[in-house]
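The values are calculated or read from the model by the stated rules, or taken from the named source; none is laboratory data. The structure displayed is predicted, hence computed values, not measured ones. Heads up, the Cβs are rebuilt from the backbone with ideal geometry, glycines too, and the neighbour counts pull from every protein chain shown.
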Amino acid sequence: MSPATIQPDLISFLEQKSTYEHEPSHVQHIQTHISHVFIVSPYVYKIKKPVDFGFLDYSTLEKRYTCCRQEVALNKRLAGDVYLGVMGIEKSGENYSFTSDLDSDFITEYAVKMRKLENKYFLHNYIDKGRLQEEHLNRVADKLADFYEQQEQDKELAKWGAIKKIKVNTDENFTQVAPFIRQTIDENSFKAIRYYTSSYYEQYSGLFKQRMEGGCIVDGHGDLHLEHIHITEDQVRIYDCIEFNERFRYGDWAADLAFLAMDLDFNDCFEEERYLINRMAEKLQDHTLADIIDFYKCYRAVVKGKVKSLQSTEDEVPLSEQKEAVSLARRYFDLALRYALIGSEPVVLIFMGQVGTGKSTLAKKLSDKLGIEHLSSDRIRKASAGLPLTERTPASKREMLYSSKISDNIYHTLLTRAVKTIAMGRSIILDATYGQKSMRMQLVQRLTAKSIPYIFIEAQAPEDIIVKRLKDREERDDVVSDARVEDFYQLSNAYIKPTEMQQLLHVNTNQEVTKSINELYTKLIDFNL
């Protein structure tokens with residue numbers, strides 16, 4: 001049902017300052033994909049749109065009333081003084097008015113009345129202002145741990161941790177996201193996230209069962225993200241939980257925490273996210289939280305991508321907000337893909353292979369998609385020599401530029417930058433031939449010594465395809481590499497295949513780029529699972 005079925009005169013009534021007894025200085029009207037929110041400081045009134053998305057049904061007045069009452073009751077668990085109650089909105093003739101008589105025959109709509117919380121104390125504003133401290137995360141962890149641990153465990157609630165229950169939600173997500181392929185999510189990403197989800201269920205069925213039996217299943221918040229957490233000096237309030245569908249609240253506390261963890265990652269707070277999850281694992285004595293959190297973070301990122309995708313199609317949402325929703329949806333889906341491919345922990349991805357195999361193309365595609373820094377030996381080589389990146393180096397300078405000494409320095413730079421980046425809690429992509437065993441072993445030994453995870457990815461293509469690509473470079477003006485056809489056999493003979501490598505993936509680039517990307521995604525998922 002379209003949100004347009006809300007009467008325009010009702011919206012107009014709620015937008016008027018004179019509507020409210022306390023005479024606010026102004027009214028701010030905000031829309032979400034499911035609600036109209038009217039901020040009239042020091043209060044907020046929220047009415048639900050008459051929509052039916054399947055997973056959410058506000059299509060009748062009776063259903064909206066039930067959900068308003070549920071919203072107040074459930075949110076008193078974590079934000080007791082924020083929710084003031086449900087108000088009826090009566091219509092007499094052409095006029096509307098608020099009423100506390102919820103049995104009135106003249107009620108045409110219901111609103112949830114809340115206290116307005118001061119903006120500067122929301123968790124996302126702490127991040128925006130650079131004020132987020134471990135103390136804030138500790139207080140949130142204390143609040144949530146108490147909330148989860150105070151709940152009584154029973155067999156009926158525990159059933160919500162079963163794969164068949166969780167799969168209802170993930171399957172629904174993929175069904176509802178599918179229409180947005182090539183709009184907010186590309187097909188390779190969609191397939192990869194779906195493949196990761198189904199593979200995780202298969203390989204970790206025992207983990208789900210273990211957590212069901214271990215008391216990890218709760219009636220949670222369901223929408224635990226930054227904008228719903230308010231921290232003042234004296235209190236932590238967590239509001240706006242899911243009231244419209246129990247299956248979005250019932251489940252593993254890891255699923256609840258994953259929303260907040262994903263939100264921290266989305267806001268580039270990777271180290272803070274790891275601190276929070278480690279703190280929660282300690283508070284809850286949950287020894288497998290770290291093992292399952294990426295699965296649920298992937299799920300939560302898909303949910304946010306879906307919500308933003310739906311919002312982008314709402315006719316009554318301004319065009320500028322629709323465009324922003326599309327952009328945000330793409331970012332959430334890319335984050336979900338990141339969890340599926342490499343997880344949350346920082347890792348070094350090393351793209352290697354002979355010249356012309358397309359390793360740099362793969363490295364750049366993955367870098368752009370996942371937002372990971374991409375270090376290219378070709379770029380470092382030319383930049384350090386002060387040479388134009390996309391102009392082929394003159395023959396007179398090439399011998400020195402490609403000398404063993406310069407090459408050793410470049411590979412050392414790649415190694416040093418990788419270690420430094422990982423130390424900052426971030427993943428990195430290295431892009432170089434790595435055709436010498438000594439170069440590879442030096443990198444592996446340094447990374448292993450510092451317990452840094454890594455994956456080598458070798459791009460492979462037949463000789464005739466490589467030669468054709470090198471010939472094609474003569475006609476292009478966007479190529480950084482200096483290698484051409486005349487260099488091929490010398491470079492090929494110098495390339496030593498990485499037969500000694502254990503953590504090595506092979507990607508066939510003798511196909512369309514999208515197919516190579518799909519192969520890369522699948523192999524990364526299989527490797528990390």
Please go through the range 337-356 and give me each residue that is surrounded by 24 or more Cβ atoms within 10 Å (Cβ to Cβ), outside any strand (DSSP E or B) and touching a strand residue (DSSP E or B) at 6+ places or on another chain (Cβ under 7 Å), ordered by number.
Gly353
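Let's see how each residue does on (1) closer than 30 Å to Lys63 by Cβ; (2) at pLDDT 95 or above; (3) hydrophobic (A, V, I, L, M, F, W, C):
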position	(1), (2), (3)
Asp234	no, no, no
Arg237	yes, yes, no
Phe248	yes, no, yes
Trp253	yes, yes, yes
Asp256	yes, yes, no
Asp263	yes, yes, no
Arg279	no, yes, no
Lys283	no, yes, no
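When you scan the range 431-448, do you find a residue that is under 13 Å from Val347 (Cβ atoms), under 28 Å from the mean Cα position of the chain (by Cα) and part of a helix (DSSP H, G or I), even just one?
Yes, the conditions are met somewhere in the range 431-448.
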Is at least one residue of the range 380-398 surrounded by fewer than 17 Cβ atoms within 10 Å (Cβ to Cβ), at pLDDT 90 or above and within 18 Å of Met352 (Cβ to Cβ)?
no
Only residues that are acidic (Asp, Glu) and at pLDDT below 95: list them for the range 285-323, please.
Glu314, Asp315, Glu316, Glu321
Among the candidates Asp154, Asp146, Asp171, single out the residue that is free of Cβ contacts under 8 Å to residues at least 40 places away in the same chain, under 28 Å from Glu271 (Cβ atoms) and not small (Gly, Ala, Ser).
Asp146
Being buried (at least 21 other Cβ atoms within 10 Å of the Cβ) and not assigned by TED's automatic domain parsing to the domain that holds Gly215 narrows it down to one of Lys304, Lys359, Lys308, Lys297, so name that one.
Lys359
Take Lys76 and tell me if it is in contact with a strand residue (DSSP E or B) (Cβ under 8 Å, 6 or more places away or on another chain), closer than 22 Å to Asp146 by Cα and either at pLDDT 95 or above or not β-branched (Val, Ile, Thr) (or both).
yes
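Can you find, within the range 8-55, the residue that is surrounded by the fewest Cβ atoms within 10 Å (Cβ to Cβ) among those that are closer than 17 Å to Cys67 by Cβ and among the small types (Gly, Ala, Ser)?
Gly54
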Scan of the range 89-111 for residues that are exposed (fewer than 12 other Cβ atoms within 10 Å of the Cβ) and within 19 Å of Pro8 (Cβ to Cβ), ordered by number
Ser92, Gly93, Glu94, Asn95
Test Ile428 against the stated conditions and say whether it is more than 16 Å from Leu504 (Cβ to Cβ), at pLDDT 95 or above, among the aliphatic types (A, V, I, L, M) and under 25 Å from the mean Cα position of the chain (by Cα).
yes
Could you list, in sequence order, the residues of the range 388-422 that are more than 30 Å from Ser451 (Cβ to Cβ), outside any loop (DSSP other than H, G, I, E, B) and either of a type in the set (D, E, K, R) or in contact with a Ser or Thr (Cβ under 7 Å, 6 or more places away or on another chain) (or both)?
Lys397, Arg398, Glu399, Leu401, Lys405
